[in-house]
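To keep things clear, I will list the structure first and then write my remarks on it.
The values are calculated or read from the model by the stated rules, or taken from the named source; none is laboratory data. Bear in mind the structure is a predicted one, so any value in this text is a computation, not a measurement. Don't worry about glycine lacking a Cβ; one is built from the backbone with ideal geometry, like all the others, and counts go over all protein chains shown.
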Amino acid sequence: MALSLMQPQASNDSDLVRETLAGSQLSFQLLVERYQGRLFALARNYSRNAAEVEDIVQDTFLKAFRRLETFQHQSSFSTWLQRIAINTALDLHKRRGRSPVQAVEDPEILSDASPGNFDRRVMAPDARLEQEEIAEVTQQVLEELPDIFRTVLVLREFEDRAYQEIADLLGVSIGTVESRLFRARARFKDALLRLFPEFDPQWNGGESQ
Amino acid sequence: MTKPKCEQAAALVPGYLDGELSEEQAAPLRRHLLACPECRTAAQDLTNLRRWFRDPEPVAVPQGFAARVARAAFSGVEPGQPLPEVAPPEPVAPRRDPMPFLLGMTSVAAGLLFAFSLVLGMAQQPAGEQLVAEPLPEILRDLDELNAAETPPSVPLDARGNGARRGDR
């Protein structure tokens, strides 16, 4: 058990999981060290509060530790862990009454992608906007979205994940990822233009024409 | 291969911009976009939308996070519970650098010395208007008087220059 800890870089996830289950705290610590950066980056897309982000990541690892025996070594430990992180972040939102989770096949959501959404155009962020200002606007708009849409946008746009990886993480088909992403973008554009109409190319400063 | 129609193009554009299409799918779509201003505008709109998702700043993981979480997990802390307060992983015995203390003491000593010299100077030195030069002969006369007062009366010398001593006679 201690032998594998002598060369942590050489230890693969499965080894570390087995050693953790055998009682090695250090092996679990190495797993946390290996994935903490990725999980912090993922979790901060669900909260702008540093303490909340840390809570999400901490709970993710504690949940993973408790369920470690159920981890199937055929699948990727990384995917398994990130799935727990996404669910933990969504649970936090639900508990705090933000953006309640809606069923994937909710007909209201399905009908949401009305053709009208696609006729409107949106501007790219003004070059004069600071990075922080752009991030602030984007986060405000994301807060308006149901979690299933927020999650797929976060994974695709911020995390730059491939469709297949998103499908694995969410346990859905690639076709579902594509359609969810399509609707999520429509929702995002709709909310962006509603909250910040100045980014509509047709915007005339709020005066009626 | 024939150009995809606009509806087909609209369905393919997100995957194209996300880099999810094979070259076999992408090539005819590119040709369609070059030929179709409406579809090109729609693709540009999606590109504009995606620019709102900039790479966020990297997140700083709190120091000692992994050790803290691993310790909590093995201590039986449940998810949602706060982590128990623990001492920092390394013993906190900060080595004190003596240089700031020495510099401080040196500056205090220098200040005190300067203040002391000022006080001494003010106490002992006469003011400018008191600086009056006494005539030298008077000072010498005073010294002579003082010497005369302290010196016992002189004994007459004999011819050889020897002074007579009491009881020699």
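Out of B:9, B:43, B:72, one residue alone is within 17 Å of residue A:156 (Cβ to Cβ) and surrounded by 17 or more Cβ atoms within 10 Å (Cβ to Cβ). It is B:43.
Based on what the data block shows, is residue A:34 out of contact with any Phe, Trp or Tyr (no Cβ under 8 Å at 6 or more places or on another chain) and at pLDDT below 95? Step through it out loud before you land on a result.
Numbers: out of contact with any Phe, Trp or Tyr (no Cβ under 8 Å at 6 or more places or on another chain): yes; at pLDDT below 95: no.
Taking the combined requirement at face value, the residue does not satisfy it.
Could you say whether any residue in the range B:44-60 is closer than 17 Å to residue A:55 by Cα and either without any contact (Cβ under 8 Å) to a residue 40 or more places away in the chain or more than 8 Å from every other protein chain (Cβ to nearest Cβ) (or both)?
First, the residues of the range B:44-60 that are closer than 17 Å to residue A:55 by Cα: B:59-60.
Add one more test, that the residue is either without any contact (Cβ under 8 Å) to a residue 40 or more places away in the chain or more than 8 Å from every other protein chain (Cβ to nearest Cβ) (or both), and what stays is B:59-60.
Checked the range B:44-60: at least one residue is closer than 17 Å to residue A:55 by Cα and either without any contact (Cβ under 8 Å) to a residue 40 or more places away in the chain or more than 8 Å from every other protein chain (Cβ to nearest Cβ) (or both).
Taking the listed residues A:64, A:89, A:103, A:85, the one that is at pLDDT 95 or above, away from chain B (no Cβ under 11 Å) and either at negative phi or not in a loop (DSSP other than H, G, I, E, B) (or both) is A:85, with no other qualifying. A count restricted to the range A:168-193 and to residues that are of a type in the set (Gly, Ala, Ser) and buried (at least 20 other Cβ atoms within 10 Å of the Cβ) stands at 2. Can you pull out the residues in the range B:12-40 that are in a helix (DSSP H, G or I), among the small types (Gly, Ala, Ser) and exposed (fewer than 14 other Cβ atoms within 10 Å of the Cβ)? Matches in the range B:12-40: B:27, B:35.
Mind checking which residues of the range B:66-100 are assigned to a helix (DSSP H, G or I) and modelled with pLDDT of 80 or more? Write out each step before concluding.
The first filter runs over the range B:66-100 and keeps only residues assigned to a helix (DSSP H, G or I), leaving B:66-74, B:98-100.
Matches in the range B:66-100: B:66, B:67, B:68, B:69, B:70, B:71, B:72, B:73, B:74.
Considering the range A:135-149, the residues that are closer than 16 Å to residue A:42 by Cα and polar (S, T, N, Q) include one that is nearest to the other protein chains (Cβ to nearest Cβ), namely A:138. Considering the range A:106-126, and only residues there that are in a helix (DSSP H, G or I) and either farther than 14 Å from residue A:193 by Cα or of a type outside the set (Asp, Glu) (or both), the residue that is modelled with the lowest pLDDT turns out to be A:107. Of all the numbered requirements in (1) touching a Pro at 6+ places or on another chain (Cβ under 6 Å); (2) at pLDDT below 85, residue B:121 misses one, and that requirement is (1). Out of all the residues in the range A:193-208, is one or more part of a helix (DSSP H, G or I), within 11 Å of another protein chain (Cβ to nearest Cβ), at pLDDT 90 or above and within 15 Å of residue B:50 (Cβ to Cβ)? Within the range A:193-208, none of the residues are part of a helix (DSSP H, G or I), within 11 Å of another protein chain (Cβ to nearest Cβ), at pLDDT 90 or above and within 15 Å of residue B:50 (Cβ to Cβ).
Summed over the range A:127-153, the residues that are of a type outside the set (Val, Ile, Thr) and assigned to a helix (DSSP H, G or I) give a count of 13. Inspection of the range A:150-162 finds a residue satisfying the criterion of being more than 11 Å from chain B (Cβ to nearest Cβ) and among the basic types (Lys, Arg).
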